[in-house]
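Visitor: Shown below is the structure under consideration.
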Amino acid sequence: MDTTSFIMIGNKETGKTTSMISAYGVLSKNGVSGFKIKALNESDKSELDSLFINLKRGEYPLATAKRSTYFFDLLYKDSPIHRFEWKDFNGGIINEKNIESVQVLKEDMQESSGIMLFFDAEKLYNNSIDTKVRRILHIISQNLVSIERVFYVAIVITKFDLLTDFQRHDIDTLLSPLKPLICNIQNSEYVYSLWIPTSCTANGMINVGIPILYMLHGSMSTYCDDKYAELVDEIQKYQNYVDNSGFFDDIVSFFSDEKTYRQLAQEKYNQVQPQIEYYNNVIEALKHLQKYIEDVDLLKDFFLTKKIKYNF
């Protein structure tokens, strides 16, 4: 099973680490609409399980101090259908004056299927995100221009419940600081994006699983496009073997001591059939996931919440 990569970037106090722990907890325990995730590394699982238990008690995790990588399987109806890794960046380690850190980010973006960007809702709405964040956005925007393959951007807006007076018509104001980034996305034929309001508190978690499910939907779509072309070619080879099999081929094979087309067809069938079954399972999951993402009202639950004080 191939592994898809995603990048997570958020500056200190954006709630990125909390969002990641929340997403892991929700998607690994009960899951969402038939989808779950499973940590592949047992030590990662133990660490994330412990952090999620603490989070439900209102104990928030410390900020990420380095670039970390976690590996997971996406399950649909308890069967693995996709493998992926989260590359977790602290925005503080990316500095335009540090050529190495910028290069690492560029290389990771070139190798990844998408990126999740985390922003504090109040700072974004009040246009008070700091200069360092704006510089990181500039670096990311520049990298997006050079991407010439399908790439997904999840704009994750954390602590959204603190915007108690927010209305749907305020969306333009909220996203105004991100206009350069959004313009680059809109001008690209390869880059797709979704902005996602989230909240992670001891009183409840809203939309926390959507960012990673959106990214996985994108990478699975790309996989299906590539796999379909590959399977069509393999099925055509199988059909050619079948068409050329028969009595005359058996006679030729007998004297040449080579495999008959009938034998080659059976070998090709044994090779391709499991791939077709796996592909069909991914297609079923992909359609279900697409419907779930399309149907969810990302803002609905926030009009039902009360202001909650954060302690991170």
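The values are calculated or read from the model by the stated rules, or taken from the named source; none is laboratory data. Predicted model only: the values in this text are computed from it and were never measured. Please note: Cβ atoms are built from the backbone with ideal geometry, for glycine as well, and neighbour counts cover all protein chains shown. Heads up: the accessible areas ignore ligands, DNA and RNA and are worked out on the full protein's heavy atoms, side chains in. Shrake-Rupley method; radii C 1.70, N 1.55, O 1.52, S 1.80 Å.
Visitor: Compare the Cα positions of 46, 220, 33 along the charge dipole of the chain (+1 at Cβ of Lys, Arg; -1 at Cβ of Asp, Glu; about the Cα centre) and return the one farthest towards the positive end.
Guide: Checked the options; the winner is 46.
Visitor: Given charges of +1 on the Cβ of Lys and Arg and -1 on the Cβ of Asp and Glu, with all other atoms neutral, how large is the dipole of the chain about its Cα centre, in debye to the nearest 20?
Guide: 1520 debye
Visitor: Now for a different question. Write down the accessible area per residue of the chain in Å², having rolled a 1.4 Å probe over the full set of protein chains.
Guide: Per-residue value: 52 Å².
Visitor: Got a sec? Charge dipole of the chain, +1 on Cβ for Lys and Arg, -1 for Asp and Glu; which of 128, 21, 171 is way out at the positive end?
Guide: Positive-most Cα among the choices belongs to 128.
Visitor: Contour minus end-to-end for residue 256 and residue 295, with contour as 0.36 nm per residue of separation and end-to-end as the Cα-Cα distance?
Guide: So the chain would gain 8.0 nm between residue 256 and residue 295.
Visitor: So which trypsin sites (Lys or Arg not before Pro) in the stretch 122-158 pass both tests, a DSSP loop state and at most 15 other Cβ atoms within 10 Å of the Cβ?
Guide: 149
Visitor: (i) 1.09; (ii) 0.93; (iii) 0.99: which one is Rg/Rh (Cα atoms, Kirkwood Rh) as calculated from this entry?
Guide: After the calculation, the listed value that fits is (i).
Visitor: Something else now. At a Förster distance of 22 Å, what's the computed FRET efficiency of residue 29 paired with residue 71, Cβ-Cβ distance as r, to 0.05?
Guide: 0.75
Visitor: Under a crude label model (7 Å from the Cα following the beta-carbon direction), how far is residue 283 from residue 183 in nanometres?
Guide: Placing both labels 7 Å along Cα→Cβ, they lie 4.2 nm apart.
Visitor: While we're looking at this one, here's another question. Under a crude label model (7 Å from the Cα following the beta-carbon direction), how far is residue 106 from residue 267 in nanometres?
Guide: With each label point 7 Å from Cα toward Cβ, the separation is 4.6 nm.
Visitor: If each DSSP helix of 4+ residues adds -39,500 (n - 2.57) and the sum is divided by the residues in the chain, what number results at 222 nm, nearest 500 deg cm²/dmol?
Guide: One gets -16500 deg cm²/dmol as the mean residue ellipticity at 222 nm.
Visitor: Per the 1.4 Å probe, what fraction of the accessible area of the stretch 1-160, in percent, lies on carbon and sulfur atoms?
Guide: 46 percent
Visitor: Right, another one. Take the residue pairs 29/106; 56/132; 36/132; 227/291; 56/159 and return only those whose Cα atoms are more than 27 Å apart. Don't skip to the answer; put the middle values down first.
Guide: Numbers: 29/106 34 Å; 56/132 31 Å; 36/132 35 Å; 227/291 22 Å; 56/159 16 Å.
Among 29/106; 56/132; 36/132; 227/291; 56/159, the Cα-Cα distance tops 27 Å for 29/106; 56/132; 36/132.
Visitor: Leaving ligands, DNA and RNA out of it, report the carbon-plus-sulfur percent of the accessible area of the stretch 187-299 at a 1.4 Å probe.
Guide: Taking all protein chains in place, the stretch 187-299 shows 51 percent carbon and sulfur surface.
Visitor: On to the next question. Are there GluC sites (Glu not before Pro) in the stretch 1-70 that DSSP marks as loop and that have at most 12 other Cβ atoms within 10 Å, and which are they?
Guide: Here the GluC sites (Glu not before Pro) that fit, given the DSSP loop and packing criteria, are 59.
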